[in-house]
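Structure record follows, encoded as structure tokens.
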Amino acid sequence: MSQQMDFQSSAHKRSRAAYTLECAFEYFVSLLVTDAFLSNLLKSIGISDSLTGIISSFISLSFLFQLFSVAVAHKIKNTKRFAALFHFLSQIFFMGLYLIPFLPFAKEYKSILCIVCILCAYFGNYFVTSIIYKWGNSYVDPHKRGRFGAAKEIISLISGMIVTLAVGYIMDYFKASDNIEGGFIFAAVSIFIFAVCDLVCLMLIKNSVRGRDEPVETVHMREVIQNTLRNKNFRHDVVLKVLWSVAIYTTIGFLGTYRIGELAFTVGTVQIFNILGCLARAALSRPFGKYSDKRSFAKGIELGLFIALAAFVCCMLTTPDTRFLIIAYTILYQTCHAGTGANMINLTYNYVDAKYFVQATAIKNSIGGVCGFLAALGAGKLLSLVQANGNMIFGIHIYGQQLLAGISAVIVVVAIIYTRLVIEKQKSMVQ
């Protein structure tokens, strides 16, 4: 059977459809443990704004877990069983977050449990992320993977809008009825349902099983380092990733409490803003892709960075009196990812042999994640200092989140300059 006929087989079509739905259900779970949802949960436990921001930024540190997959990926014999187990367990830990408020423990112990649940959840998630990505995309025609990826993202974004809007308003209803615990139970049940659906989708993807006598291809660490970290162009790629991660995590994890606290928006209203942002991103995903294919991945990233700069400037100017600017920030921030998201990944293809792509991506994401988390730690301390001083700096009234957004804006400017003067001038491989 030809390769083209094989991709049109019923097994391949079923696998593509199941993988598309699996990504959507995974996205639903991730939405319910980020931004205003997570901030609302942590705030009810009594966790401070600064610690909430740090906990929200654990996702950046969790990229380190991808390094574990590099060490074991070539040893996996049954991809479906391995991926489904860790992925389902990770989502059960996410569900457990919403059960913590019901435990008869002191706030300090509940805070520790939140951290443990989040770290365990992200470990299980990122441990198999690259494995599921490679497995799911193996049933997609290589010449159509770009279009498949765009369609998959649009489906997740649009369906995610409906889910977050519905869950957001239901949780607001429980909160308005002075029954916030009921909202947490609803969120936990929702995550469990999505987790089961995700598991079913994974089970419907055609399995990838290595025979007992099939040789294992081993890539030695010295070889990986020689083709990644000792590659000057790749190091510049890593620097850009670090700048972007630091810019994001200096601010993003601390805005959830700002939206539902100082700006006094409800969870449901915040989700409407997020939906507007997702709609803008979905509408611009294909145009950004065409622009990047025509000009370069670096040019696409640069355009995304300019939009990110506008977003952080809007956030920097947002106060309770100008709270409408948070809408502009949300739309611009979501839109910028249409330029930075896939292009940050694809840029690695320009400088690293495809044989080492998985390892290079894990290394880059891990370094960027660690730097992003360290930035969040520093931002958390700075936010605490500003709040402890009555939101006053040098006699000027300013909210800590405004200051953090200003710092992010400055870092984005540095990233734009670095992209134009360094990244865009590097010689690229076509592969």
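Dipole size of the chain about its Cα centre, with +1 on Lys/Arg Cβ and -1 on Asp/Glu Cβ: approximately 1340 debye, rounded to the nearest 20. Across the accessible surface of the chain, with the other protein chains kept in place and a 1.4 Å probe, carbon and sulfur atoms take up 67 percent. Between the residues VAL196, PHE254, GLY300, the greatest Cα displacement towards the positive end of the dipole of the range 174-301, with unit charges on the Cβ of Lys, Arg, Asp and Glu, is found for GLY300. With the Cα gyration tensor of the range 199-338 giving a ≥ b ≥ c as the square roots of its eigenvalues, does the rule (a/c under 1.5 for rounded; else a/b larger than b/c for prolate; else oblate) give rounded, prolate or oblate? Cα axes put the range 199-338 in the prolate bin.
Does the range 20-124 classify as rounded, prolate or oblate by the C-alpha gyration tensor (a ≥ b ≥ c root eigenvalues; a/c under 1.5 gives rounded; else a/b over b/c gives prolate, otherwise oblate)? Prolate shape, in that a/c is at least 1.5 and a/b is the bigger ratio.
Along the chain, counting only trypsin sites (Lys or Arg not before Pro) with a DSSP assignment other than H, G, I, E or B and at most 13 other Cβ atoms inside a 10 Å radius, the longest segment between sites is 78-211.
For LYS241, a cut-off of 20 angstrom between C-alpha atoms picks up these lysines, skipping any fewer than 8 places away in its own chain: LYS232, LYS299, LYS364, LYS425, LYS427. For the range 283-364, applying the loop criterion from DSSP together with a ceiling of 13 other beta carbons within 10 Å to the chymotrypsin sites (Phe, Trp or Tyr not before Pro) yields PHE324.
Based on alpha-carbon atoms, the Kirkwood radius and the radius of gyration of the chain give Rg/Rh equal to 0.96. Positive-end ranking of ALA176, VAL239, GLY378 along the dipole of the chain, with charges on Cβ about the Cα centre, is headed by VAL239. Which shape class applies to the range 307-380: rounded if a/c is under 1.5, otherwise prolate when a/b exceeds b/c and oblate if not, where a ≥ b ≥ c are the square roots of the Cα gyration tensor eigenvalues? In terms of gyration-tensor shape, oblate. Among complete DSSP H helices in the chain, those whose alpha-carbon atoms stretch at least 30 Å along the helix's long axis and whose mean Kyte-Doolittle hydropathy reaches 0.0 are 107-137, 145-176, 180-204, 267-294, 325-346, 357-388, 400-421.
Using a probe of 1.4 angstrom and keeping all protein chains present, the accessible surface of the chain works out to 45 square angstrom per residue.
The values are calculated or read from the model by the stated rules, or taken from the named source; none is laboratory data. The shown structure was predicted, so the numbers you read here are calculated from the model rather than taken from an experiment. Reconstructed Cβ throughout: ideal geometry from the backbone, glycine too, with neighbour counts over all protein chains shown. All accessible areas refer to the heavy atoms of the entire protein, side chains included, with ligands and DNA or RNA removed. Shrake-Rupley method; radii C 1.70, N 1.55, O 1.52, S 1.80 Å.
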